[in-house]
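Remarks on the structure that follows.
The numbers here are math on the coordinates, done by the rules we state, and not lab data. These figures come from a predicted structure and were not determined experimentally. Glycine also receives a Cβ, built like all others from the backbone with ideal geometry; neighbour counts cover every protein chain displayed.
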Amino acid sequence: MIDNKVLFVDDSPTMRRIIKNTLKKIGFNDFIEAEHGIDALEKLEGEDVGLILSDWNMPEMNGKQLVEELKGNDKYKNIPIIMITTRGMKEDVITAVKMGVAGYVVKPFTPEILKGKIQKALQK
Amino acid sequence: MSDIFKKIEEMQDFLRIGDEVIPFLGDLFKFIQDVMPLMNEIQSSFTDSSSKIPDAKDRLQDVTDATEMATQEIMDKLDSINDGLDKISESVPDETKKEIDNIQNDVMDITFALQFQDITSQKLEHAGRIMQAINEKFGKLSKATEAVKVKTKVGKRIMAELSLQSDPEKVNKESTEFNEKTKDVIRESADFSQDDIDALFD
């Protein structure tokens, strides 16, 4: 069992479920789900989250805007963030790296890829 | 005297400019004359197609909703299989546990393959946004064409000529062809169920 509480943000219920199943398989047992950036920020309030997984394309507030919000906030700036997205263009990845994300996974992905990225992000 | 010469020179300059401008205006008029029928055709096609765009967008959303629901149902079943295997795994020898573990890994692979649903939904959403953007562009073009047709003398004159040349049969045929091409293949009726269909065979 891994103690870190994980917040995952994706507007697709299918993807949230896939991520949740993967996290369970890896050993995480404490999750918060959010549908978009604003929902994520609201749900983060008062929570001790150790890892955030976020989609990029979402309504209301997208993943890029969410990362900007989090990195600009002293309370959340050190939480490792992994982007999980269909945006696989080099410039997208560079943008994410510049924003300070700890990992970047392009959909579709395998459980092993996600597991590897999570382990790497938590070691940093 | 010098004033008279100056006036003559000015007049010569004016005529020289006129010599250059008149052929240009002729070309411009010819260009407008060629483009107007095309713009007119685009405008009539736009009237047909723009009414279909909201429906087409709704259809794309329907596909997303339907696949989302089906995917959730598949995932429910897969979760149920996994839970069942977990229970069986508690009371079987290690050899069988290994087999169960392999099956659970296969179940996990199926779950991951369902990512296609999210990816396809995003592609459909993108296609919908492209359709909407094209529709808006054509809307602007249509308004501009209408303005040229109604507000300019050249436009009015060309439209008058066009209406003399227009072939109503051809226009009707094109409209019918468009409607035929964009006709919905799924024909649903809320007030005619499978039971109603079966009753016709009794």
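Laid out as a table, the results:
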| item | result |
| --- | --- |
| Protection proxy ranking, peptides B:92-105, A:80-93, average beta carbon neighbours within 10 Å, highest first | A:80-93, B:92-105 |
| For A:V105, distant residues with modelled amide H under 5 Å away | A:M83, A:I84, A:T85 |
| Mean Cα-pair separation over length for chain B, i.e. relative contact order, pairs under 8 Å, 6 or more apart, % | 33 percent |
| Extension gain from B:D202 to B:T176, taking 0.36 nm per residue of separation minus the Cα-Cα distance | 5.6 nm |
| Estimated [θ] at 222 nm from DSSP helical runs (n ≥ 4, -39500 (n - 2.57)) normalised by residues in chain B, nearest 500 | -31500 deg cm²/dmol |
| Virtual spin-label span in nm between B:I8 and A:V93, 7 Å along Cα→Cβ | 8.0 nm |
| Within segment A:9-42: backbone nitrogen closer than 17 Å to the A:D3 label point (7 Å, Cα to C-beta) | A:27-31 |
| Cα gyration tensor shape for the protein assembly as shown, rounded if a/c is under 1.5, else prolate or oblate | oblate |
| Dipole in debye (nearest 20) - the protein assembly as shown, about Cα centre, beta carbon charges: Lys, Arg +1; Asp, Glu -1 | 1680 debye |
| Per-residue [θ]222 nm for chain A (sum of -39500 (n - 2.57) over DSSP H runs n ≥ 4, rounded to 500) | -13000 deg cm²/dmol |
| Cα gyration tensor, segment B:113-202 - rounded (a/c under 1.5), prolate or oblate | oblate |
| Among A:I32, A:P13, A:L44 - extreme Cα towards positive end, dipole of segment A:1-50, charges at beta-carbon | A:P13 |
| Selection of GluC sites (Glu not before Pro), segment A:1-52, meeting DSSP coil and at most 12 other Cβ within 10 Å | A:E45, A:E47 |
| Inter-label distance, nm, simple model (7 Å from Cα along the C-beta direction), A:K24/B:S89 | 1.1 nm |
| Chain A, dipole about Cα centre (Lys/Arg Cβ +1, Asp/Glu Cβ -1), debye to the nearest 20 | 660 debye |
| Per-residue average of Cβ from other chains inside 10 Å of A:7-14 | 4 |
| Cross-link pairs A:K90/B:K137; A:K90/B:K143; A:K107/B:K77; B:K77/B:K181 - those with Cα-Cα distance over 28 Å | A:K90/B:K137; A:K90/B:K143; B:K77/B:K181 |
| Between segment B:33-95 and segment B:140-159, the alpha-carbon center distance in angstrom | 41 Å |
| Check: segment B:1-117 dipole with +1 on Lys, Arg Cβ and -1 on Asp, Glu Cβ, in debye | 680 debye |
| A:I32-B:Q61 pseudo-label distance in nm [points 7 Å out on the Cα-to-Cβ vector] | 3.0 nm |
| Spin-label proximity, B:A70 to segment B:111-132 - amide N less than 11 Å from point 7 Å beyond Cα toward beta carbon | B:117 |
| Nearest-0.05 FRET efficiency for A:E68 and B:A144, computed from C-beta distance (R0 41 Å) | 0.55 |
| Residue mean of other protein chain beta carbons inside 10 Å, B:118-127 | 4 |
| Modelled FRET efficiency - R0 45 Å, B:I17 with B:A160, Cβ distances, 0.05 increments | 0.90 |
